[in-house]
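The values are calculated or read from the model by the stated rules, or taken from the named source; none is laboratory data. Predicted model only: the values in this text are computed from it and were never measured. Every residue, glycine as well, gets a Cβ built from its backbone with ideal geometry; the counts of neighbours run over all protein chains shown. Ligands, DNA and RNA are excluded from the accessible area calculation, which covers all protein heavy atoms including side chains. Shrake-Rupley method; radii C 1.70, N 1.55, O 1.52, S 1.80 Å.
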Amino acid sequence: MEILVLNGIVNGLIVGGIYALIGMSLTLLYGVLRIVNFAHGEFVIGGSFLAYALFSNLGLAPLFSLPVAALSFFAMGWGAYYLLLPRLQKSDDPEIMSFLMMYGVSIALAAVMLLIFEADSRSIDYSFTPISMKVGPIYVSTARIVAFGIVIVLAAALTWFLFRTLPGKALRATIMNPEAIKIVGVDVVKLSAFAFALASAIAGVTGVLVALVFPAFNPFSGAEYSIIGFIVVVLGGLGNPLGALLAGILYGLAEQLATVFLPQAMAPIVGFGILVAVILIRPTGLMGWRAQR
Amino acid sequence: MATETPVLELRAVDVAYHGDIRILQGMSMAVRPGKITGVIGPNGAGKSTALRTLYGLLKPVAGDVLVDGEVVTGMPPWRFIERGISLVPQNRSLFNELSVEDNLQLACWSFRRDKARVAEALERAYAQFPILKDRRTQYAGAMSGGQQRFLELGRALALQPRAVLLDEPTAMIAPKLAAEIYEFIHGLPKQGITVLLVDQNVRQCVRVADHVYVLELGRNKIDGSASDFTKDADLRNLIAEWVDYRIDA
């Protein structure tokens, strides 16, 4: 039993790290742009398919797909922002309109992936050497350990960017006081485009990690990651990247530990149970902004 | 003076919320260079709306906004900073969970890569309000209301603007600090800074302003020099009736 619990904790940290990345990028989008990006899961799965296509066609190892995914998704996000979002801000209720539009985008993206890759579940037939490593008394696949290392580096880099650089502080300032950021002279259109591009790049990179960590993915897997992303965002506190980091890991641990003690089908119920409990006890989330929104 | 091109101007501006609720109707206003222009009026007169329209935060449905005589209607707020115009709004515009220094640095966004200029701007703010230097690592949200107002003023003036728009600068501020702030505002034209002062405090506004606009229900009611307001008994009575405050002769 001890081994199973330890296994649950290690896998919970790894999977939770991936959920944290999804949550951090999604909460950044919501905080800065007030956009409910229901297509975020499709962006993630798009990253998985990119890694799959690069490996299948060019033999490029998934680790080398990471910079390709980051750059291509950043460029795509930048373009998509100018194509889709400035007009949306002129509607009476941009948040609801963004939800509806991005829901449409998620269906369209899933359909495009279906068209290109068909409905079968895919996986990248790539393995590290050695295939697994001993961590204490348990064995963990090397791919998962590598993915977790990348999650830690990315989360640390993102945290450093948001808390130590002026553009990062500008993004956080936009979350704290969206009108004041215009008053002090920041070009919010460019800043918003950057936020959308950055969130898309993180989603693309996360997709490559999903392909490493999870056994398979298909064009319709995106919705599942969007929902988990939203749970993490609400758990952590809307618009709070550090909250999303903490919430992602907590959600991953809860999900993986639930499978140790309960039937596998109960795992999502436990996750949603935590969400409902947090909303009831602390509606602002674990680390909701205290003084200012 | 009458021929000088205003730094900022509203010309026959209509502003509407939610499509059809007109807050400003045919409002006109000119902010003359090197002067303090005051705007007074009862609650709901459209004072703050006029100021927000002048700064590009609201887009008029009719009429024009001008900077130095050039029509700039629809220009986004961040372009006003580039043209040497800063705003201190009525509601707190600080980033509470950033430090005092971070708040000041964000105001230098348009020239953020010029480290020497940023350092100079910060020093300017610290020189004008030394308390900010003492608190530079503290969260802005942890300071008192008066200190927060100093930070907003310091942030606006650190950029050496040629014009500053002030909306109720002493609202919710202790009287002693408020008096200091009015003295500070009074001295700004001597530094070459044009001021537009929107205020509920009629006495102080008329005292420091060179020219005063009175608004009522989103329209211009009257305007004149500060001396008109103190000398003309009819005008004084009119103001007393509108804003429930009698100006001393």
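Tabulated data
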| quantity | calculated |
| --- | --- |
| Principal axes of region A:181-293: Cα extent on each, largest first, Å | 55, 36, 18 |
| Tilt relative to chain A, helix A:222-236 - C-alpha long axis, 0 to 90 degrees, to 10 | 70 |
| Occluded residues from region B:50-97, i.e. those whose accessible area drops by 30 Å² or more once the chain is not alone (1.4 Å probe) | B:Arg52, B:Leu57, B:Trp78, B:Ile81, B:Phe95, B:Asn96, B:Glu97 |
| Count, lysine Cα pairs under 22 Å in the protein assembly as shown, 8 or more residues apart or across chains | 22 |
| 19 Å tail of the calculated P(r), region B:20-115, as % of Cα pairs | 51 |
| Accessible-area composition of region A:2-292, carbon plus sulfur, in percent [1.4 Å probe] | 71 |
| Principal-axis tilt of helix A:40-58 within chain A, Cα atoms, nearest 10 degrees | 50 |
| Rg ratio (alpha-carbon, reference 2.2 N^0.38 Å) - region B:109-154 | 1.19 |
| Region A:2-292, accessible area per residue, ligands and nucleic acids excluded (1.4 Å, Å²) | 43 |
| Chain pair A, B: total accessible area buried, heavy atoms, 1.4 Å probe, Å² | 2100 |
| For chain A, convex hull of alpha carbons as volume per residue, Å³ | 135 |
| Sparse-neighbour loop sites [trypsin sites (Lys or Arg not before Pro); region B:92-180; at most 14 other C-beta within 10 Å; DSSP] | B:Arg113 |
| P(r) weight above 16 Å for region B:58-163, C-alpha pairs, percent | 59 |
| Accessible surface, per residue, of region B:126-228 when the full set of protein chains is kept, probe 1.4 Å, Å² | 42 |
| Other protein chain Cβ atoms within 10 Å, averaged over every residue that makes up A:158-168 | 1 |
| Contact order relative to length of chain B, as percent, for alpha carbon pairs under 8 angstrom and 6 or more apart | 26 |
| Contact order normalised by residue count of region A:2-292, Cα under 8 Å, 6+ apart, percent | 41 |
| 10 Å-binned pair-distance histogram of chain B (Cα, whole percent) | 7, 31, 36, 21, 5, 0 |
| Spin-label pair A:Phe214/A:Val135, simplified geometry with 7 Å Cα→Cβ offset, distance in nm | 1.9 |
| Values of log10 I(q)/I(0), in the order q = 0.12 Å⁻¹, for the protein assembly as shown under a Debye, Cα-only, solvent-free model | -1.09 |
